[in-house]
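Readers should treat all values here as calculations from the given coordinates under stated rules, not as data from a laboratory. Since this is a predicted model, take the numbers as computed values, not measurements. All Cβ positions, glycine included, derive from the backbone under ideal geometry; neighbour counts span all protein chains shown.
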Ligand code: WT7
């Protein structure tokens with residue numbers, strides 16, 4: 001098996017192909033200007049663009065000083081003397097937890113609700129800022145008493161419960177670096193992440209609930225730590241669903257016995273602006289997930305600014321709900337950090353949208369009077385499928401801003417979101433939609449309308465945010481004119497940018513900074529329409545986007561070939577109506593393996609589930625006699641994608657063996 005290096009693939013072909021499919025969209029001429037009322041009350045107006053344009057670092061320095069309380073002021077906004085390694089707010093010292101919590105209490109907001117928690121089984125809890133501050137102080141003391149010191153790594157494997165936010169902020173408070181692993185990843189995936197980051201502590205729960213049933217988490221931690229040779233000294237376990245767990249005396253501690261029992265006195269000290277805040281693993285073009293490293297001052301500044309500007313946040317009156325799990329970057333930037341830094345009230349929900357019924361989300365919106373809702377297109381398309389009579393049964397009139405993230409939102413879903421959710425109850429001015437483009441690596445939103453300024457357009461993320469320099473370039477790195485497509489790049493450093501890949505500075509340069517001279521290559525194809533608005537066209541590398549979750553074709557191929565029955569595997573992301581893309585795998589079985597049909601397919605799906613996690617299980621696995629390869633041995637995924645999407649196979653002239661596609665077609669007919 002051979003793999004493409006980032007950006008050097010048949011990307012141009014991929015881009016133009018996707019471009020053609022979306023060509024008609026680029027003539028989208030519906031535009032929705034903000035209502036007069038909305039524009040008049042907007043937190044950020046059009047002047048922000050000019051201000052940032054005049055002096056980008058000074059613009060961000062102003063935001064940093066306005067949005068955060070610094071223990072020590074910084075002396076320089078940006079140090080870009082050693083690209084691509086940026087330093088923002090040089091010399092400053094700041095504490096993320098103090099900014100998210102203590103200072104609001106000091107400012108008289110202690111009684112404001114920080115989190116309304118809605119558990120899957122229907123249990124609820126709420127935390128005021130004063131209460132959340134106390135919990136985080138206790139957790140900080142507890143983690144310190146377990147030997148966690150500044151700079152140590154803490155692995156977090158928790159469901160969507162308030163303890164997840166408390167854990168992240170407690171780590172930030174003491175300068176420990178959290179590394180959250182999504183609960184849908186397997187014990188193997190957890191183990192490799194714990195090992196890569198050399199975590200000292202793991203925070204987990206006995207389990208959670210999924211569609212009304214208990215589901216385990218701690219058992220995966222036990223499996224991940226089963227062999228010696230790891231660095232974990234302690235495991236703190238939240239009791240969530242009460243299921244039985246194995247117990248390793250000396251290593252395992254109940255949250256109730258450590259955190260709840262700890263002192264609620266804890267003073268937050270300032271950490272250097274560039275002190276590591278967290279690592280979050282994400283899939284790239286190679287088999288091994290990358291530990292994306294974010295630091296403190298710049299991350300907090302840009303997440304807080306964008307949260308305020310893009311959602312038009314009025315923290316005194318808004319109720320904000322971001323549906324993302326804390327296991328993904330959206331749950332870091334826009335659940336654990338930005339809303340609390342901005343003193344907002346937010347909703348947190350543990351479960352799935354269909355439990356116990358398909359109106360659960362709308363019931364939550366109605367109950368808490370959610371005014372800002374931030375979710376993914378895949379969820380919107382699912383609701384469309386379920387039908388509008390479900391949301392129509394609820395009072396959604398509180399909603400005034402709707403956000404979208406994670407994948408391109410098709411205009412049809414965009415219009416449905418606007419009419420059915422944003423225009424619920426026959427509102428005269430439906431809520432504006434902000435489609436936000438960003439990545440784990442960018443740390444915060446980069447391209448999005450400003451709801452009080454931009455006339456929004458169904459399907460397009462439109463414009464770079466103030467202080468962000470995004471462009472679309474051709475394969476030589478030359479900016480394309482309006483009406484043309486190419487590769488999305490970022491031309492100037494931005495505050496929340498990743499500072500590197502954990503333990504691998506070379507890979508950081510190679511992955512993001514080598515495709516184009518002095519530009520960050522995002523891995524996305526994009527087009528500028530006639531107005532210069534940006535349309536995202538999906539990845540141009542081997543990264544797939546399934547329900548807004550990022551998965552690597554290579555990683556799933558590696559998992560498949562690690563199964564004894566598999567000789568070779570090729571994975572593609574095929575277009576899917578609901579999930580955006582779906583994983584389709586083509587496998588060649590070993591000579592001695594029996595093609596038992598459904599049985600082997602089921603076995604392979606489970607194997608991928610075990611190696612990576614249930615989210616990575618291929619939707620379809622096709623057993624084939626051969627794979628299409630170029631003369632240099634590179635798998636031509638483009639052709640497999642044609643097959644998976646039911647299209648006529650495109651140009652196959654560069655294949656080493658041009659009968660291969662016919663063989664595959666014949667085997668699939670069987
Ligand atoms: C990739 C990053 C950003 C948090 C969730 C995903 C795709 C993200 C959009 C959007 C079109 C989008 C891109 C990007 N993506 N937002 N609004 N429109 N595509 O973070 O897992 O790091 O994935 O998601 O392809 O590169 P991630």
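General remarks:
- Within the chain, helix-based [θ] at 222 nm, where runs of 4 or more DSSP H residues each add -39,500 (n - 2.57), nearest 500: -8000 deg cm²/dmol
- Reported value for the chain: 154 Å³ per residue, from the convex hull of its C-alpha atoms.
- Once C-alpha pairs closer than 8 Å and six or more residues apart are averaged by separation and normalised to the residue number of the chain, the relative contact order reads 15 percent.
- Contact order relative to length of region 333-488, as percent, for alpha carbon pairs under 8 angstrom and 6 or more apart: 15
- Rg/Rh for region 386-502 (Cα atoms only, Rh after Kirkwood) is 1.05.
- Using a Förster distance of 45 Å, the FRET efficiency for residue 219-residue 517 (Cβ separation, nearest 0.05): 0.35
- Region 344-412 - Rg over Rh from alpha carbon coordinates, Kirkwood radius: 0.93
- Kirkwood Rh in Å, taken over region 309-466 so that all alpha-carbon pairs contribute: 15.6
- Multiplying each eigenvalue of the alpha-carbon gyration tensor of region 569-670 by 5 and taking the square root yields semi-axes of 22, 17, 12 Å, largest first, rounded to whole angstroms.
- Structural descriptor for region 218-344: relative contact order 16 percent, calculated from alpha carbon pairs under 8 angstrom and at least 6 residues apart.
- Remark: spin-label model distance residue 669-residue 561 equals 3.0 nm, labels positioned 7 Å along the Cα→Cβ axis.
- Alpha-carbon spread of region 93-188, three principal axes, descending order, Å: 45, 39, 21
- Note on region 569-625: the alpha carbon radius of gyration divided by the globular reference 2.2 N^0.38 Å gives 1.14.
- Protection proxy ranking, highest mean first, for peptides 490-503, 324-337: 324-337, 490-503, where packing is the per-residue count of other beta-carbon atoms within 10 Å, averaged.
- Per residue, the convex hull volume that the Cα atoms of region 445-582 enclose (Å³): 150
- Solution diffusion estimate, µm²/s, Stokes-Einstein, region 263-367, Kirkwood Rh from C-alpha pairs, 10 °C, viscosity 1.306 mPa s: 99
- Alpha-carbon gyration tensor eigenvalues x 5, square-rooted, for region 158-215, Å: 21, 16, 7
- Per-residue extension of 0.36 nm, minus the Cα-Cα distance of residue 85 and residue 72, leaves a gain of 2.4 nm for this segment.
- Region 31-76 - Rg and Dmax from Cα coordinates, angstrom: 14.5, 45
- Reported value for region 210-339: 216 Å³ per residue, from the convex hull of its C-alpha atoms.
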